[in-house]
Amino acid sequence: MPKTSEMVVSTLVESGITRAFTLPGLGITWSLPAFRARADALDVVLCRNEWIASVMAQVVGRLTRRPAVLMGQGPWITTMGGMGIIEAHFAGSPLVVLTETSDYDGYGQMGVYQTMTGDFNGADAMASLRPITKYCTYATAPAEAVYGVQMAVKHATLPRQGPAAVVLKTPIIRQEMPADTKPRLYPSAGYHAHTPARPDADAVARLAALLAGAERPVIVAGNGVLAARAGAALQRLAESSGIAVATSYNAKGVVAETSPAAVGMLGTWGAPTANRAVARADLVVMLGASMGPDYTRFRDPELIRPGEQTLVQVDVDPRNAGWVYPVDLAITADAGDLLDALAGHDLGSDRRASRIAALDALREETGFGVLPGLASAQGSVHHVDLVRAMQGFLAREDLVALDAGANRIWATHGLRMPYPEQLLVPGGTGAMGWGTPAAAAAKLVHPERRVTCLTGDGGFMMTMQTISTCVQRGLDVVFLVSNNAGLGMVRDNLGPERYAVDFADVDFARVAEGLGGRGLTVTHPDQIRDALEQAHRIGGPVVVDAKVDPDAGHREATDNAPLR
């Protein structure tokens, strides 16, 4: 008879899952022979810690729209692994979490160390995972484990996508499963079948009429457009009708920011052009965008004005429409389906020329894409120098992963993505340490593309062990480290009261070589572009250690000016 672990792996394969990420321990260790037996169908990626594994699994799900598996021992998946799980939860990335209770053959009730059963003197895996997953179940028998995995895949992949977890009682992992299980088990396909909801035709016609009649319409594209892979369709629609496209932080670059319809990313650290385009709009269509306070300048009353502007919200989950702002029209639909439905309508083609002219004037007025010239101390560079070099470097085949801090603020504010859907950001949590494993995962999914990560020294130090995984897996990824020897964003926020924000300088080029990669060091603005080109020619994981002036701030990359 097959073991539970073997049936669980077979169910994952049957469900179309092709990758799992792990640092194994206890019960997951017992499962490894079952994974090895199906290595032809399910690739297991060994990571240096659960944090890295969780982010890599989340990013694979985000890029493929199919879940990867995060698996590991209960105490550490529910703590260190929480990084990628929370990001998947907030960003809507499909993810299946497979963990166990570490109760050592039934000793959980007796306070055995590491136990996650929730008993006296133990921790509780279910209590830890329930708040940050769409679905979480506890399997105490072999049949429950198989059915739980089937349900986890179902919940992870249905709108709105997200993480789903199965917690296995450790002793069942090695148990044999009888053929006549009770309850009876069935193939996974029947559980996963579904037909997506289609947008209401009358609502689409009403939206089309609103767009056709608007003088200054703006579509705010959010994570829903990215999830639907609808950036190119949105760009075609916007350009054909002269409708402006602003984006949330999550969706920055979902349309090419060089498009005549693009006005950039909203928010305090976004583009002044986007903020003013929305503030001056007579119609705002929120397409798969939550309109969260983080990118509406914390509900700036001059940005979105219910009752004065016509507001339309389109979301795959009807609970999200009218959540942050009251709306005049709510449409429940996948963003891609909505765009397909609008394609058959005239959205104001007679107004296209005047709309594009107004957008051109607004971009000129607000200096869209113009980077300031900011000096840095001798032997160092400024954040803006990194953005400028990357701007000239980007080609169609590039993917860029961002991390957190002042370096990301400058990138979201000043970097204009030249092609749709080239950018990866930790949009759910904005967590430090995300970018490095995210870039590695992106290269796994898209080996044909050139992948670069822009990260700060603080974030890079947290997950730089990813370099070792890149070496082991033969991944050509370049990590551009904005190394200002400290927490630059926090420094700026503290002002003259600078305390607990400065690190000792680290030679990341040498660290990279010690981990099996290669390293380059940059101390002058003119070296950055050449270093990026050279790093990608070298191949393998390469770290470019850019020595950034510790006094270089992010205040010049903010937009707090009045909107009207």
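Values quoted throughout were computed directly from the atomic coordinates according to the rules given, and no laboratory measurement underlies them. The shown structure was predicted, so the numbers you read here are calculated from the model rather than taken from an experiment. Here the Cβ positions follow ideal geometry from the backbone for every residue, glycine too, while neighbour counts run over all protein chains shown.
Observations on the structure shown:
- Taking Asp551, Asp526, Asp103 and counting other C-beta atoms within 10 Å, the order from fewest to most: Asp526, Asp551, Asp103
- At 0.692 mPa s and 37 °C, Stokes diffusion of the stretch 201-366 via Kirkwood alpha-carbon radius, µm² per second: 217 µm²/s
- Share, in percent, of DSSP beta bridges within the chain that are antiparallel, nearest 5: 5 percent
- In the stretch 383-553, the DSSP beta bridges split such that about 5 percent are antiparallel, to the nearest 5.
- Under 13 Å, Cβ to Cβ, from Asp559 - net charge with Lys/Arg +1 and Asp/Glu -1: 0
- Net charge in the neighbourhood of Val153 (other residues with Cβ under 14 Å of its Cβ; Lys, Arg +1, Asp, Glu -1) is +4.
- The stretch 201-366: relative contact order in percent, alpha carbon pairs under 8 Å with at least 6 residues between: 29 percent
- Using the empirical formula 2.2 N^0.38 Å as the baseline, the Cα radius of gyration of the stretch 383-553 reaches a ratio of 0.95.
- Per-residue Cβ neighbour rank within 10 angstrom, fewest leading, Ser354, Ser259, Ser102: Ser354, Ser259, Ser102
- Charge tally for Leu12 (other residues, Cβ to Cβ under 15 Å; Lys, Arg +1; Asp, Glu -1): +2.
- The protection proxy used here, the mean number of other Cβ atoms lying within 10 Å of each residue, ranks peptides 133-142, 221-230 as follows, highest first: 221-230, 133-142.
- Partners for Lys169 among lysines (Cα-Cα distance below 17 Å; same-chain residues under 8 apart left out): Lys3
- Within the chain, the longest segment free of exposed loop sites, counting GluC sites (Glu not before Pro) that fall outside DSSP classes H, G, I, E and B and have at most 12 other Cβ atoms within 10 Å, spans 1-307.
- Of interest is the spacing of the C-alpha centroids, which for the stretch 155-207 and the stretch 325-387 amounts to 37 Å.
- Ordered by the count of other Cβ atoms within 10 Å of each Cβ, fewest first, Leu210, Leu487 give Leu210, Leu487.
- Centre separation in Å (Cα based) which lies between the stretch 236-257 and the stretch 84-152: 40 Å
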